[in-house]
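Heads up: the structure comes next, in structure tokens.
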Amino acid sequence: MSRSKVWALIGASLVAVGLLVRLAIAFEGSRSSTVPAGSPPPTDDGAMTVKPGDYPPPKHICEHLDFKEFAKVFQLQGPRDGYNTGLEPELVSGSMCKQPMSRGGSDPVKVTVHCSAWRDVDKATEEFGGLEAFYGPPETVTGLGDQAFRYRAPKSPTVGLKVRAGNLGCGVEAEATTPLTAAETDGSFTAMAQLLQTLVPKLGPLKALP
């Protein structure tokens, strides 16, 4: 065999090898994940999904509150303090805000607002019924959300009001060190209703997509 034919044969072999290598690389690429190189792996952050018309999980509700509704009942003492309460985001997620107050002098009162969005209206309704039984016998409040009641804690000087609007549940509670007077109790209930009437519309609900 001549030298020119030998080099031609070697060249053809190299071309064939190169083609096989490129085919192997392409085959491996087709089997790999569709996530682009350098992209982080997909994660499940546990965020709660809600349906159109439901309230989204509330966050940082202190930003929506100034507690001015309580100005005729108590004196504000110190800054507000709040945090989000997403312990079970697949079921319920919410936010809390606390405001220290005073009945005058050194007699403190702590007012707490807590709102949570449940995964659906049925679950929110079920849980709200459980709250009524726990705080019962409740006093039904009309004209506030879908359901609302107020209560006087039987074993502590605490009064509160809770409301459900769709899948959203909100509550306001005033906890004192000694029992509130009748005037303070009535004034607290009025302030709580006014606060929730203002707060709830600021928290949602979601709008249906066109």
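The values are calculated or read from the model by the stated rules, or taken from the named source; none is laboratory data. Computed from a prediction, not measured in an experiment: that's the story for all the values here. Cβ coordinates were reconstructed from backbone atoms using ideal geometry, including for glycine residues, and neighbour counts include every protein chain displayed. Ligands, DNA and RNA are stripped out before the accessible areas are found, and what is left, the full protein with its side chains, is counted by its heavy atoms. Shrake-Rupley method; radii C 1.70, N 1.55, O 1.52, S 1.80 Å.
Looking at this model, which pairs from Lys59/Lys98; Lys72/Lys155; Lys98/Lys162 are more than 22 angstrom apart at the alpha-carbon?
Those over the limit are Lys72/Lys155.
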Inset, instruction - Extending each Cα 7 Å along its Cβ direction at Leu76 and Glu63, get the distance between those two points in nm, one decimal. - result: 1.8
Inset, instruction - Provide the gained length on full extension for the span Asp186 to Ala153, in nm with one decimal, where the gain is 0.36 nm per separating residue minus the Cα-Cα distance. - result: 10.4 nm
Legend entry - Dipole magnitude of region 109-187, debye to nearest 20 (Cβ charges: Lys/Arg +1, Asp/Glu -1, about Cα centre): 160
Inset, instruction - Counting only heavy atoms of the protein chains, get the accessible area per residue of region 53-210 (1.4 Å probe) and round it to a whole Å² value. - result: 52
Inset, instruction - Along Cα→Cβ, 7 Å out, is where each label goes; now give me the distance between the ones at Phe134 and Ser106 in nm to one decimal. - result: 3.4
